[in-house]
Amino acid sequence: MNKNDLARFSRQLLMQDIGYEGMEKIMNSKIAIVGCGALGSTQAEILARAGIKKIKIIDRDYIDLSNLHRTHMITEKDALESLPKAIACEKWIKEIDQSIKVESAIDEFDSLNAEKFLEDVDLILDGTDNLEARFLINDVSVKHNIPWIYAGVNSWYGNVMFIKPNQGPCLRCLIPEISNQNESCDIIPSIGTITSLVSSISSNLAIRYLAGNEVPYGVLFVIDGRDVGIEKIKITKNEKCPTCGLHHYEFLEKKTLRGVVKICGTHAVEIRPEKFVNFDFSKKINKIKEKFNVISINKYSLRVQKDTIQMVLMNNGLGMVEGIDDINTAKKIYDDLFNILIQ
């Protein structure tokens, strides 16, 4: 550690179970945060301030006004500009500490890229909002022996569990299967206080682990944010668990559908190109304005409107068409804009 580090982390160096040796371990760690919304942005901020110098962020979404009440490190300006969440998180992490190496990926997290994103990190944090993504993280964790921290929120309540693969229970020992009851397209109610509580508890476990401490694994922390309480439930490893017992990685092996997909829980369609590109929107702005009403534009994203339908296009070609369920109409609008940009 240099002189600046000693000053920056002077209070943390005094912490029991951290000290100089633990602080060096934290600074030499690399983490991945899958999802940078309410949970992931808070985890990213806490862990960046704690001294982790390598942070990888994966999120395909952009910021809108509905995110502001519970998401850290974003502003109203970011929402009005439809800034990608991964980019907003990267921007604010660098404001906290310029020396942090941030890898941000604006992409869908799926079976085709999960191992590429996660296999080189020391710890994975869950900032997602669905079991499919969590089971995919769980597969990578067990297959590559990388610990991860499950975190989830619903209304006033939340769950956190540190998962130490091949030693303790994995997520599928806790939740064996996706069911209609557990996994629906309903929008989950949430408030910033409980997302901050859950993120703080998961980040606290991360700091302890990365500092070289033994962390209780296979313990489910059940957080009651309404009446303010935490219950700890011991989870037993299932020797017949399909993932950590039988080592069947069915979510990694699952064929991922890409292209045009309706986004669960919304009136919106996601369109992912066969190959990512690198658009410079400013070069084609006059041509775009001939066919579309341009609502916002920045280096990373472009929001346009055609008739009553809006679309956000990322500079890598990933598009989200809003206010529509018909994938054919959505694809036509996407193609019209995409073709202008590649001409």
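In whole percent, what relative contact order does the chain give with Cα contacts below 8 Å and a gap of six or more residues?
Numbers: 697 pairs, mean separation 52.0, N = 343.
It comes to 15 percent, rounded to a whole number.
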What size of dipole, in debye to the nearest 20, comes out for the chain about its Cα centre when the only charges are +1 on Lys and Arg C-beta atoms and -1 on Asp and Glu C-beta atoms? 720
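Using a simple charge model, +1 on the beta-carbon of Lys and Arg, -1 on the beta-carbon of Asp and Glu, nothing else, what dipole does region 159-268 show about its Cα centre, in debye to the nearest 20? Please report the intermediate quantities before stating the final value.
Values: 12 positive and 10 negative charges, 58 e Å.
Around 280 debye, computed over region 159-268.
Add -39500 (n - 2.57) for each DSSP H run of 4 or more in the chain, then divide by its residues: what number comes out at 222 nm, to the nearest 500 deg cm²/dmol?
Working: 13 runs with 118 residues, N = 343.
Using -39500 (n - 2.57) per qualifying helix, the result is -9500 deg cm²/dmol.
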Kirkwood hydrodynamic radius (C-alpha pairs) into Stokes-Einstein, region 118-174, 20 °C and 1.002 mPa s, D in µm²/s: 187
Taking every Cα atom in the chain, find the radius of gyration and the maximum pairwise distance Dmax, and write them in Å. 20.7, 63
Is region 104-255 rounded, prolate or oblate when judged by the Cα gyration tensor, a ≥ b ≥ c being the square roots of its eigenvalues, rounded requiring a/c under 1.5 and prolate requiring a/b larger than b/c? rounded
In 10 Å bins starting at zero, report the fraction of Cα pairs in region 1-45 per bin as a rounded %. 24, 40, 32, 4
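Of the heavy-atom accessible surface of region 234-273 (probe 1.4 angstrom), what whole percent is carbon and sulfur? Please report the intermediate quantities before stating the final value.
On the way: 1430 of 2470 Å².
The value for region 234-273 is 58 percent carbon and sulfur by accessible area.
If r is the Cβ-Cβ distance from E115 to V222 and R0 is 35 Å, what FRET efficiency results, to the nearest 0.05?
Values: r = 31 Å, r/R0 = 0.88.
According to the calculation, E is roughly 0.70.
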Answer rounded, prolate or oblate for region 185-250, using the Cα gyration tensor with square roots of eigenvalues a ≥ b ≥ c: rounded when a/c is under 1.5, else prolate when a/b is larger than b/c, else oblate. oblate
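Within the P(r) computed for region 226-343, what percentage of the Cα pairs occupies the region above 19 Å? Spell out each step's value before the answer.
Working: 3985 of 6903 pairs.
Percentage above 19 Å: 58.
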Roughly how many Å is it from the Cα centre of region 252-275 to that of region 280-324, as a whole number? 19
What percent antiparallel are the DSSP beta bridges of the chain, to the nearest 5? 70
Run down the lysines and flag those whose C-alpha is under 18 Å from the C-alpha of K306, throwing out any fewer than 8 positions away in its chain. K284, K287, K289, K291, K331, K332
What is the distance in Å between the Cα centroid of region 111-162 and that of region 1-56? 19
Using DSSP H assignments, which helices in the chain have an axial alpha-carbon span of 15 Å or above and a mean Kyte-Doolittle hydropathy of 0.5 or higher? 192-210
log₁₀ I(q)/I(0) of region 71-137 at q = 0.27 Å⁻¹, via Debye over equal Cα point scatterers, no solvent, to two decimals? -1.28
Spin-label pair I285/R11, simplified geometry with 7 Å Cα→Cβ offset, distance in nm: 4.3
What is the Cα convex hull volume of region 3-137 when expressed per residue in Å³? 114
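The values are calculated or read from the model by the stated rules, or taken from the named source; none is laboratory data. Just so it is clear, the structure is predicted and the values come from calculations on it, not from any experiment. Positions of Cβ are backbone-derived with ideal geometry, glycine not excepted, and every protein chain shown enters the neighbour counts. Quick note on the areas: whole protein, heavy atoms, side chains included, nothing else; ligands and nucleic acids left out. Shrake-Rupley method; radii C 1.70, N 1.55, O 1.52, S 1.80 Å.
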